[in-house]
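The values are calculated or read from the model by the stated rules, or taken from the named source; none is laboratory data. Keep in mind that what you see is a predicted model, and the values were worked out from it rather than measured. Note that we place each Cβ from the backbone using ideal geometry, even for glycine, and neighbour counts take in every protein chain shown. Surface accessibility is based on the protein's heavy atoms, side chains included, excluding ligands, DNA and RNA. Shrake-Rupley method; radii C 1.70, N 1.55, O 1.52, S 1.80 Å.
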Amino acid sequence: MIQRIKGFKDILPGEVELWQYIESTAKKIFDNFGFKEIRLPILERAELFAKSIGENTDIVEKEMYTFPDRKGNFVTMRPEATASVVRSYIQHKMSGKDPVRKFYTIGPMFRRERPQKGRYRQFYQINAEVFGIESPMIDAQLIFILTILFNELSVTDVKIHINSLGCQKCRPQFKEILLNFLRSKTESLCSDCLRRYEKNPLRVLDCKVPSCKEATLKAPSIIDSLCNDCKKHFKTVTRCLDKLQVEYEINKNLVRGLDYYTRTTFEIQTASLGAQNAIAGGGRYDSLTKSLNGPDMPAIGFAIGFDRLAEMISAKAAELLINPDLFIAALGEKSQAMAFEWINSLCFRGITTEMDFSDKSLKSQMKRADKLGSKFVLIAGDKEREKGAAILRNMTTREQLAIPLANLIEEIETIIKK
Ligand code: HAM
């Protein structure tokens, strides 16, 4: 038997209703806040991600599905959506028509990480990206949108961590300060951090290896090194969040695993998912559009881990199952032929109707109706047909009613839609 690939999964009926519910809730909120949907390719040129996420990140160094296509050009199955949205913004010269754009996109991402609960090699994200707004108010609004979505989905047990990573003006100075601190801690750093800390010391702050976490507990805070503009920006973000009554925690070690961030970064964490505790993350990437040869354009966004979010509210899945309104138990060839016409008319009119196509006994058809959780059963046999009627049974109250064949569809529609 051919099995699915490790780290990839099937989302089956029974679970997929929950995914649809999350998706429609998110879409409704994005509509309310003026976001437009954008759909982008899964395959992009490899260099797009190397240049945006950063050569020295875990994603680019060891997690990307990159391979040469038939002409030898390296392509990558997107590990995230931000780089692709930026590529599209630049390619379609969107800044010329209207630099302010608010997008959302939902879809699969690919990272070859070690699979475990909550961590997959194909996973899904709900992304929001905003271009052309420098004001810190939009930073707070994006975080607010996340809290609204979580509230709407009854996701509790979440904590918002925020930090500022400064800008190209103030970050180099902080890097020096941090490097000096890390040089005295090299014996505690993991091999990845040891290899990269000279190039990108901030990554060490984000490392999940316990000895690195321990070593950076007392690391200097980037907040203390922010330039006046970045300080002011961050202060306004927190002031707006206070106004919106959003609770958050300032986390000086929150760096995030992608190199494009500037100023505000944030992550939503939960204690109820075990080791994979981040359900959403995001931040500003004010220099990314320019570094990919586009215009100098401030931007900010977030991505929610769809799989993890669905896991957090998996108990809701049972509520979302749609049972048939009606099951037609047709006995005999003539009744089957009539039932076939009826189910198609009824389904067309929005009444979910099922029948058994194999002329089984009444008992076995009733069993199937029960299994499907049908609300009504229409019993149509020779005996009933001779009397010019079929019997409609309410499966909850067990009440039975003779429905004349002459205007059966209309009668059933009235009863079921009541
Ligand atoms: P990220 O933190 O790499 O950020 O991913 C965002 C979320 O995707 C994570 O918080 C997590 O819930 C989920 N996620 C990541 N990897 C996996 C995995 N292997 N399995 C399951 N879920 C996973 C980004 O991707 C940025 N592009 C976010 C962003 C948008 N920043 C600005 N705009």
Kindly indicate whether any position in the range 327-337 is surrounded by 20 or more Cβ atoms within 10 Å (Cβ to Cβ) and within 30 Å of Leu149 (Cα to Cα).
no
So Ser364, is it surrounded by 14 or more Cβ atoms within 10 Å (Cβ to Cβ), out of contact with any Cys (no Cβ under 8 Å at 6 or more places or on another chain), among the polar types (S, T, N, Q) and in a helix (DSSP H, G or I)
no
The range 238-264, residues that are under 30 Å from Val60 (Cβ atoms), aliphatic (A, V, I, L, M) and either under 21 Å from the mean Cα position of the chain (by Cα) or surrounded by fewer than 18 Cβ atoms within 10 Å (Cβ to Cβ) (or both):
Ile250, Leu258
Might you check whether a residue that is under 15 Å from Asp325 (Cα atoms), among the hydrophobic types (A, V, I, L, M, F, W, C), surrounded by 11 or more Cβ atoms within 10 Å (Cβ to Cβ) and within 39 Å of the chain's Cα centre (by Cα) occurs anywhere in the range 368-375?
yes
Arg70 part of a helix (DSSP H, G or I) and either on the phi > 0 side of the Ramachandran plot or open to solvent by 30 Å² or more (accessible area, probe 1.4 Å) (or both)
no
Return yes or no: is Cys207 within 19 Å of Ile59 (Cα to Cα) and open to solvent by 10 Å² or more (accessible area, probe 1.4 Å)?
yes
Please go through the range 179-203 and pick out each residue that is in a helix (DSSP H, G or I) and either farther than 15 Å from Glu61 by Cβ or of a type in the set (Lys, Arg) (or both).
Leu179, Asn180, Phe181, Leu182, Arg183, Thr186, Glu187, Ser188, Arg195, Arg196, Leu202, Arg203
Name the single residue that is most open to solvent (accessible area, probe 1.4 Å) among those in the range 20-48 being in contact with a strand residue (DSSP E or B) (Cβ under 8 Å, 6 or more places away or on another chain) and aromatic (Phe, Trp, Tyr).
Phe33
Which residue is nearest to Leu40 (Cα to Cα), if the candidates are limited to the range 79-95 and must be open to solvent by 10 Å² or more (accessible area, probe 1.4 Å) and outside any helix (DSSP H, G or I)?
His92
Would you please list the contacts, defined by Cβ atoms under 9 Å and residues six or more apart or on different chains, that run from a residue in the range 267-296 that is without any contact (Cβ under 8 Å) to a residue 40 or more places away in the chain and open to solvent by 30 Å² or more (accessible area, probe 1.4 Å) to a residue that is more than 8 Å from the ligand (Cβ to nearest atom) and among the hydroxyl-bearing types (Ser, Thr, Tyr)?
Asn277/Thr270; Asp296/Ser287; Asp296/Thr289
Taking the condition over 27 Å from Ala318 (Cα atoms), at pLDDT 95 or above, of a type outside the set (A, V, I, L, M) and in contact with a strand residue (DSSP E or B) (Cβ under 6 Å, 6 or more places away or on another chain), does Glu384 pass?
no
Helices (runs of 4 or more DSSP H) completely within the range 225-342 that count 3 or more residues being within 16 Å of the ligand (Cβ to nearest atom)
288-291, 306-312
Pick from the range 87-133, criterion away from the ligand (no atom under 12 Å from the Cβ) and out of contact with any strand residue (DSSP E or B) (no Cβ under 9 Å at 6 or more places or on another chain), ranking: nearest to Lys235 (Cα to Cα):
Asp98
